[in-house]
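The values are calculated or read from the model by the stated rules, or taken from the named source; none is laboratory data. No experiment lies behind these values; they were computed from the predicted model shown. Cβ coordinates were reconstructed from backbone atoms using ideal geometry, including for glycine residues, and neighbour counts include every protein chain displayed. SASA here: full protein model, heavy atoms, side chains in, ligands and nucleic acids out. Shrake-Rupley method; radii C 1.70, N 1.55, O 1.52, S 1.80 Å.
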Amino acid sequence: MSYDGAFLWGPANFSGRPPTWLVAEGVAVGVVTGGLVAGAVVTGTLTGFDTVGSVVGVVVGLAAASYLFSTNAGRVLVGAVALLGGALAWWIPGQTAQAVLAARGESRTVMVTEVHVHRYEGRDYVKNSCSVRLPDGTPVPTEAWRTCGATARPGQHLTMVFDPNDAVPPTDRILPATAAEALAGPAAATLALAALCCVAVVRSQP
């Protein structure tokens with residue numbers, strides 16, 4: 001392989017199948033990286049510290065990329081690990097919240113207290129969002145977007161889905177049919193991250 005190819009994709013100078021120990025190291029790095037990124041973000045979301053979980057997920061992804069960089073892994077693969085790790089840390093919280101609501105969410109009626117008009121300059125596009133409260137007067141921390149149409153007015157009743165355990169915020173979005181459906185994409189992306197790490201380790205052998 002040329003110098004440029006080795007720099008971008010890793011030297012991988014062994015002949016035939018890669019050594020078993022190298023494959024084992026790759027699998028271990030991949031499983032640990034994918035597991036820690038997904039685990040930290042899911043745990044953060046379920047405990048109300050989704051921002052902290054996302055930050056930890058990003059840090060784990062960057063740490064894995066730094067380790068791969070130090071082992072002479074291909075720079076393309078190192079960059080892909082860092083980018084995919086960061087993307088997962090940003091994406092998984094929303095999917096986890098949808099999974100929780102799909103599994104145990106309860107529909108409740110809320111009342112509109114204020115309508116906010118969002119104008120997107122240059123696109124001739126207007127979108128409303130509604131601040132809402134429960135019938136007992138308790139403010140809902142999440143605004144309604146999908147059901148807050150152009151005719152929305154204070155006093156109007158809408159429906160939102162709430163988590164009875166209050167682990168995730170309520171929403172008026174259309175939810176997946178099951179928790180498994182909501183988590184299918186993140187699970188596949190986590191496996192892809194683990195596979196990238198494994199390939200990067202295997203190809204880093206000088």
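Only residues that are hydrophobic (A, V, I, L, M, F, W, C) and within 27 Å of the chain's Cα centre (by Cα): list them for segment 98-114, please.
Within segment 98-114, Ala99, Val100, Leu101, Ala102, Ala103 meet the criteria.
Of these, Thr190, Thr178, which one is surrounded by 14 or more Cβ atoms within 10 Å (Cβ to Cβ), of a type outside the set (A, V, I, L, M, F, W, C) and touching a residue at least 24 places away in the same chain (Cβ under 8 Å)?
Result: Thr190 is the single residue among Thr190, Thr178 that is surrounded by 14 or more Cβ atoms within 10 Å (Cβ to Cβ), of a type outside the set (A, V, I, L, M, F, W, C) and touching a residue at least 24 places away in the same chain (Cβ under 8 Å).
Identify the single condition in (1) at pLDDT 95 or above; (2) more than 22 Å from Thr47 (Cβ to Cβ) that Ala150 does not satisfy, given that it satisfies every other one.
(1)
Kindly evaluate Val81 against the criterion of being modelled with pLDDT of 95 or more, open to solvent by less than 30 Å² (accessible area, probe 1.4 Å), touching a Gly at 6+ places or on another chain (Cβ under 9 Å) and not aromatic (Phe, Trp, Tyr).
yes
Is it fair to say Thr43 is closer than 30 Å to Ala177 by Cβ, free of Cβ contacts under 8 Å to residues at least 12 places away in the same chain and either open to solvent by less than 60 Å² (accessible area, probe 1.4 Å) or touching a Gly at 6+ places or on another chain (Cβ under 8 Å) (or both)?
Against the criterion (closer than 30 Å to Ala177 by Cβ, free of Cβ contacts under 8 Å to residues at least 12 places away in the same chain and either open to solvent by less than 60 Å² (accessible area, probe 1.4 Å) or touching a Gly at 6+ places or on another chain (Cβ under 8 Å) (or both)), Thr43 qualifies.
So which residues in segment 84-139 are small (Gly, Ala, Ser), under 28 Å from Leu196 (Cβ atoms) and open to solvent by less than 30 Å² (accessible area, probe 1.4 Å), if there are any at all?
Listed by number, the residues that qualify are Gly85, Gly86, Ala89, Ala97, Ala99.
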